[in-house]
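See below for the structure under consideration.
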Amino acid sequence: KLAVEFPSEDIFLMTASPVIKAVTNFKQVSKTLEEFDVEEQPSSLLEKRYPNIKVIQSGVKQLKSDEHKIFTEDGKEYMYEKLCLCAGAKPKLIFEGNPYVLGIRDTDSAQAFQKNLAQAERIVVVGNGGIALELVYEIQGCEVIWAIKDKAIGNTFFDAGAAEFLIPKLTAEKRETPIECKRTKYTTEGSEEKERPTAASDKLGSALGPDWHEGLHLKGTKEFSHKVHIEILCEVKKIHLQQEFIQLQRTSLAFPKEEENAEPDEVLWPVYVELTNGKIYGCDFIVSATGVVPNVKPFLDGNNFAVGEDGGLKVDKHMHTSLPDVYAAGDICTAAWEPSPVWHQMRLWTQARQMGWYAAKCMAADTLGEPIDLDFSFELFAHVTKFFNYKVVVLGKYNAQGLGLDHELMLRCTKGQEYVKVVMQNGRMMGAVLIGETDLEETFENLILNQMDLSAYGEDLLNPDIDIEDYFD
């Protein structure tokens, strides 16, 4: 976007990784909903397309904002007129530095995970967001103990009702054949041969795209397809290595069978997880999919950034940080403007893309001294994804975020087919969750945006015999 706005200026893209993420197969589904794939491409492709972009492959060591300078890890320094920090976020690991704990956030860590899974008989997955959901669904031939801190699965995206709708899919034996993965992967020459040293895990790869698990062979050693046991309302209290565990002389549990309590486990595992509900399970390794923290560390030293409660760099509605000429976008930033009543920030690919594009517009407007309005994509929270092979659309305050007790829910559910939930407040639609091919996303998007009073329709709003999208066309 910057290269288009300023065709004669030099634009530097600094990245620690040899490949860059490109958005491909972009589809505007509706006014605010967009679908796209994320692809890794060699940076030379970007430089070819925009001759004024130069990609500098090096991590950032330090930012001296008062001098308008960036120092890179390869010992060079660069002056900037305007700077936008898009360093993303890094996985929140439950325990740093434990070789049996794998964080998943980027394609490199997904590959390390796959290598370990090939020898695994049982793993413990911790976390309840999108990556954990997809992971548990895709893993075959390996026992999975899934520890979640909530009552229901997928709490970031759904409520308990949606979770109930999806759970039968977890245990279904027959799997549809996955569609071919469209994303191609570029690797740097020679990087395949030498093993990634474990210490390199703090080198950040780029974040996973929405279909990251496709084309990865996620299969353990066992012959069955799915075996998932969910432990709810708990977190990891401690991780014991095998030796420590033997010394503790405590009992670990076997994989629970149907409806029965787990028996003591006879097997010796490399690592043991003690949960806050008192249960202990042995496993081959632990996957930490517990969300992300903004990657601000390299930039804070010596710079007086205003930082949000979630650890991100605070930005105003022009994506400007608290420092002159420094902007931020994506996972690293915290939206500190007064948001629209039906928008909230969530660290997702769709928002990263919107913020990056809008930040470039703001940098341009600022340079040219032009006024700029907040971009339309921040009017309504809208995200489309896929879970368990269902299309999933979430709109507005889909989980009644911040609405207190003053709201009501309306539901429509056809087992195995669709799940529709609407969040209403004072007769107005504030949010919605749509699972399956409902074809309601555009109608609901409009009803949320125009805040029309729907109290007259009552329960009929979701009546399957009434063609609601024609009605509100």
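The values are calculated or read from the model by the stated rules, or taken from the named source; none is laboratory data. What you are looking at is a predicted structure, and each value in this text was computed from that prediction instead of being measured. Backbone-built Cβ (ideal geometry, glycine too); neighbour counts: all protein chains shown. Keep in mind that these areas ignore ligands, DNA and RNA; they rest on the heavy atoms of the full protein, side chains included. Shrake-Rupley method; radii C 1.70, N 1.55, O 1.52, S 1.80 Å.
Among the numbered criteria (1) of a type in the set (D, E, K, R); (2) within 23 Å of the chain's Cα centre (by Cα); (3) over 26 Å from residue 308 (Cβ atoms); (4) surrounded by fewer than 17 Cβ atoms within 10 Å (Cβ to Cβ), which single criterion is violated by residue 406?
Here residue 406 clears every test but (2).
Where residues in the stretch 388-398 are farther than 15 Å from residue 444 by Cα and open to solvent by 10 Å² or more (accessible area, probe 1.4 Å), which of them is modelled with the lowest pLDDT?
389
What strands (runs of 3 or more DSSP E) lie completely within the stretch 267-321 and have 3 or more residues being at pLDDT below 95 and open to solvent by 40 Å² or more (accessible area, probe 1.4 Å)?
It comes to none.
State yes or no: is residue 441 modelled with pLDDT of 90 or more, among the charged types (D, E, K, R), over 25 Å from residue 340 (Cα atoms) and open to solvent by 10 Å² or more (accessible area, probe 1.4 Å)?
No; evaluated as a whole, the condition is false for this residue.
If residue 86 satisfies all but one of (1) more than 24 Å from residue 357 (Cα to Cα); (2) open to solvent by 50 Å² or more (accessible area, probe 1.4 Å), what's the number of the condition it fails?
(1)
Looking for something in the same structural domain as residue 360 (by the TED database), within 19 Å of residue 360 (Cα to Cα) and among the basic types (Lys, Arg) - is there at least one such residue anywhere in the stretch 44-52?
Yes, the stretch 44-52 contains at least one residue that is in the same structural domain as residue 360 (by the TED database), within 19 Å of residue 360 (Cα to Cα) and among the basic types (Lys, Arg).
Any chance the stretch 256-263 includes a residue that's open to solvent by 80 Å² or more (accessible area, probe 1.4 Å), in contact (Cβ under 8 Å) with a residue 40 or more places away in the chain and out of contact with any Asp or Glu (no Cβ under 7 Å at 6 or more places or on another chain)?
No - not one qualifying residue is present in the stretch 256-263.
Could you please let me know if residue 426 is under 28 Å from the mean Cα position of the chain (by Cα), open to solvent by 20 Å² or more (accessible area, probe 1.4 Å) and either over 30 Å from residue 317 (Cβ atoms) or not aromatic (Phe, Trp, Tyr) (or both)?
No: the conditions fail for residue 426.
Counting just the residues of the stretch 10-32 that are part of a loop (DSSP other than H, G, I, E, B) and touching a helix residue (DSSP H, G or I) at 6+ places or on another chain (Cβ under 8 Å), which one comes out farthest from residue 383 (Cα to Cα)?
Initial filter on the stretch 10-32 (part of a loop (DSSP other than H, G, I, E, B)): 10, 16-18, 29-32.
Checking the rest, the ones that are also touching a helix residue (DSSP H, G or I) at 6+ places or on another chain (Cβ under 8 Å) come to 18, 29-32.
Numbers: 18: 29, 29: 10, 30: 11, 31: 12, 32: 8 Å.
Looking at the filtered set, the residue picked out is 18.
Could you run through the stretch 436-453 and say how many residues are out of contact with any helix residue (DSSP H, G or I) (no Cβ under 6 Å at 6 or more places or on another chain) and outside any loop (DSSP other than H, G, I, E, B)?
Residues in the stretch 436-453 being out of contact with any helix residue (DSSP H, G or I) (no Cβ under 6 Å at 6 or more places or on another chain) and outside any loop (DSSP other than H, G, I, E, B): 9 in total.
Scan the stretch 56-83 for residues that are open to solvent by 70 Å² or more (accessible area, probe 1.4 Å) and within 30 Å of residue 131 (Cα to Cα) and jot them down.
Correct list: 57, 61.
Among the residues of the stretch 136-174, which ones are in contact with a Gly (Cβ under 9 Å, 6 or more places away or on another chain) and under 24 Å from residue 434 (Cβ atoms)?
Passing the criteria: 148, 152, 154, 155, 156, 157, 162, 163, 165, 166, 168, 169.
Just name the residue that is nearest to residue 312 (Cα to Cα) out of those in the stretch 332-359 that are within 15 Å of the chain's Cα centre (by Cα) and charged (D, E, K, R).
Across the stretch 332-359, the extreme among qualifying residues is 347.
Tell me the residue from 23, 38 that is within 23 Å of residue 364 (Cα to Cα), under 23 Å from the mean Cα position of the chain (by Cα) and not assigned by the TED database to the domain that holds residue 443, please.
Selected residue: 23, the only one of 23, 38 that is within 23 Å of residue 364 (Cα to Cα), under 23 Å from the mean Cα position of the chain (by Cα) and not assigned by the TED database to the domain that holds residue 443.
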